[in-house]
Amino acid sequence: MNAGVGNPGGSSGLCIEGLGIAYQTAAGQRQALSNVSLTIRRGEILALVGESGSGKSTLAYAILRYLPPEAVALSGSIEFDGRDLLRLDDAGLRDLRGSRIGVVYQDPSTALNPTMALGEQLLESVRRQQPSIARAEAVARAEALLRRVQLGDANAIMARFPHQVSGGEKQRVMIAMAIAGSPSLLIFDEPTSALDATTAAEIVDLIKDVQAEYSTAVLYITHDLASVATIADRVGVIYAGTIVEEGAAEAVLRLPRHPYTRALLNSVPNPFRAGQRRRFELQHAAQAAGARAAGGCKYRWRCPAAIEVCAQEPTLEPVGADQRVACHRATEKGLDLRSAVTRATFAPRTAVDTSQALLSLRNFAVMHGRRAGISGFFGGRDSRVAAVDGVDLDLYAGRTLGLVGESGCGKSSLARAIVGLLPSGGDVVFDGQPVPPGAWRAHSFRRDVQIIFQHPDQALNPRMRIGESLKRPLKLYQANADVSLDHRVAEMLERVHLSASYARRFPHQLSGGEKQRVAIARAFAVNPRLVICDEITSGLDVSVQASIINLLSDLQDALGTSLLFITHDLNLVQHFADEIAVMYLGRIMEMRPASAGTLPPYHPYSEALLSAAPVPDPDVQSRRVRLSGAIGPRSFSTVGCRFTARCPRKIGEVCDARAPTLEGEGGHRIACHIPRSELASIPPIWQVHGKLETGTNSKQLISARNETLNQA
């Protein structure tokens, strides 16, 4: 399509001036946005960055006029296509939504109707733009849109329901619906936060392609500053409803001027800091209570550089060639912006005994489905799927093993099978003793092996106060029977940096990060030997993610607990883990020390995962490795390498005919038919200042540059 399509009247894009919005509550008005001014030009992507609750989604809903009835527009304007959206009537809004303005939400599962086929939902969008179009023509247009968003088998996708496609495929369908009307403004509200790294990278590439083809203005809402480096032309940083910094993406990432921007950037996991277990942590959000209503700089309640003048409200002023900052100290050098978080003092980490593994898995397998019967009612084909197939793993006392892979690789199936929530096969040894299948639910094993799930909402009883939830494991395992349960609950909450008053609250009264802290407190209640963390930081803000990682580090140092940390984020796990296992379709592709994660040799699948992880640094360029096709099904009879269908480095028939074994030395083993010498000669993923990252000198350069951001 022509770049200018969808721009009647020559509109320059979206212009927001002095926008102020409040919510009417029982306690009075609560300010949500304050004096927000942003401009997004046609053909430009502006990333709006901030923690949860900062006002990002409120701004998006204000543009669409989807705010709830209790929202009140206090001031300002939103100009689009020559019209003020805040003053449009219902008919004018209906004309814009879905045609001139397209939107893609964070969770496509909640935006798609589960009772309708995807094709029918897409046809609704197509026919709304062209009511007189014939059905056959509309179907052809819908299929073309699906192919445009790189869903190859468009006809099959049209016939499927939302539950029959992956999260990435649902998000592609949502993008197809958003561009059906050739919009001149696209709004993406956290479109990749629930996706794994490779899928998220593909969606980001797709957004850039669509934006370039349609020459639209794009508002890209995210809490992840790392992704900004790969997609945005400009960045706006929002805190407590106020824009605190805005400018060209490269300028903001290279030299962030506002303390909040610097804190967010330092909270992002960086692969060049592998082995540094502690993450930069912002002051706890609770210290910002009342910031929206109070005068002066709203960030001063959490800012370690706050001084007396910060009691006066700063204005967004130009700093440098293409940057605006709302900070009284933006141009000062040598500021100490390190986190001032106070925390309990824990005992030093004890030495690790690697002579015997705490947990050993040999030929471990988890099957879904059923075996083919012999006759009669039990006849039929073998429908078993190998979620986990022949896995060998060792986890030592006091150590952290990171398990990495895309969604659907079998990571969660492995975790649930270890704790007995799924049937499994193979040999399991815990603390030197074989664990027979019938002993999975033995009292002592359940006490020593705990699990923390990805979504604390699904693990906490919504009708039970936090205190009662925390008392349950204490009652079950009779821990410290001589101490009152209320006292033990208060100790547990203090251990995870929550006050004792949280015991009286219900789960819905807590933030996502606070609920995850409660889930961690419950898992560590009886001092288990092993805790399995299943994607517990997925979807959290980078600042909250950092605080959770630091909390786990503290607990591990104090108690000597072993951790199996499951994630799809290789950058994150390289900070936190001692060893990394990369899983694909139920098998381990690579085992390596976390400190060796940035340099070859690595398995081609590990190479692709590394390349998909964004690095929040304009001086670091990533060599993208794109995988064709989606992660496929696993039959019980699969032969050959599981990765062969998507491998960009496939060397021949041997990859299809024989499964490779994990081989290597020095704790670094790779399951690949490609000779290790050839894997070692593969160029590294990252380039620094135009030169390939090949050794410690470049790593030290990047690490030193990041460390000096606070003093820039």
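The values are calculated or read from the model by the stated rules, or taken from the named source; none is laboratory data. Because the structure is a prediction, the values reported are computed rather than measured. Counting neighbours? That spans all protein chains shown, and the Cβs are built from the backbone with ideal geometry, glycine included. Heavy atoms of the whole protein, side chains included, go into the accessibility calculation; ligands, DNA and RNA do not. Shrake-Rupley method; radii C 1.70, N 1.55, O 1.52, S 1.80 Å.
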- When every protein chain stays in place and a 1.4 Å probe is rolled, 411, 650 sorted by accessible area with the largest first are 650, 411
- How do 261-268, 677-684 rank on mean C-beta neighbours within 10 Å, highest first? 261-268, 677-684
- Measuring from centroid to centroid over Cα atoms, what is the spacing of segment 14-64 and segment 559-580 in Å? 36
- Message: For the full complex of protein chains and a 1.4 angstrom probe, list 686, 301 by accessible area with the highest value first.
- Response: 301, 686
- Find how many whole Å separate the alpha carbon centroid of segment 82-96 from the alpha carbon centroid of segment 158-202. 26
- Rounded to the nearest 0.05, FRET efficiency between residue 37 and residue 209 (Cβ-Cβ, R0 35 Å) equals 0.75
- Message: For the ranges 220-229, 35-44, what's the packing order if you count other beta-carbon atoms within 10 Å of each residue, average per peptide, and put the highest first?
- Response: 220-229, 35-44
- Query: Based on the Cβ-Cβ distance of residue 124 and residue 355, what FRET efficiency does E = 1/(1 + (r/R0)^6) give at R0 = 60 Å, to the nearest 0.05?
  - Reply: 0.40
- Computed label-point distance, nm, for sites residue 511 and residue 166 using a 7 Å Cα→Cβ extension: 3.2
- Accessible area (Å², 1.4 Å probe, nearest 10) - residue 158: 20
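With r defined as the distance between the Cβ atoms of residue 135 and residue 442 and R0 fixed at 56 Å, what FRET efficiency is calculated, to the nearest 0.05? Spell out each step's value before the answer.
Details: r = 61 Å, r/R0 = 1.09.
Taking R0 as 56 Å, the efficiency between residue 135 and residue 442 is 0.35.
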- Note on the structure: Packing-ranked peptide list from 209-217, 113-121, 617-625, 400-408, highest mean Cβ count within 10 angstrom first, is 400-408, 209-217, 617-625, 113-121
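Quick one: with all protein chains in place, what share of the accessible area of segment 466-518 is carbon or sulfur, to the nearest percent (1.4 Å probe)?
About 45 percent, which is the carbon plus sulfur part of the accessible surface.
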- Message: Assuming 0.36 nm per residue, please report the length gained on full extension of the stretch residue 527 to residue 317 beyond their Cα-Cα distance.
- Response: 70.4 nm
- Item | Chain lengthening between residue 115 and residue 27 when straightened (0.36 nm per residue, less Cα-Cα) | 27.7 nm
- Simple spin-label estimate for residue 427/residue 478, 7 Å along Cα→Cβ, in nm, reads 3.5
- Accessible surface of segment 392-435, 1.4 Å probe, proportion on carbon and sulfur as whole %: 47
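Charges at C-beta only: +1 for Lys and Arg, -1 for Asp and Glu. How large is the resulting dipole of segment 138-257 about its Cα centre, in Debye rounded to 20?
For this selection, approximately 240 debye.
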- Query: Label points 7 Å out from Cα along the Cβ direction at residue 332 and residue 368: separation in nm?
  - Reply: 5.5
- Task: Give the accessible surface of segment 543-670 per residue, rounded to a whole number of Å², with probe radius 1.4 Å and ligands, DNA and RNA excluded.
- Result: 32
- Note on the structure: Amide H neighbours of residue 400 at under 5 Å, excluding residues fewer than 5 places away on the same chain, with H built from the backbone geometry, are 563, 578, 579
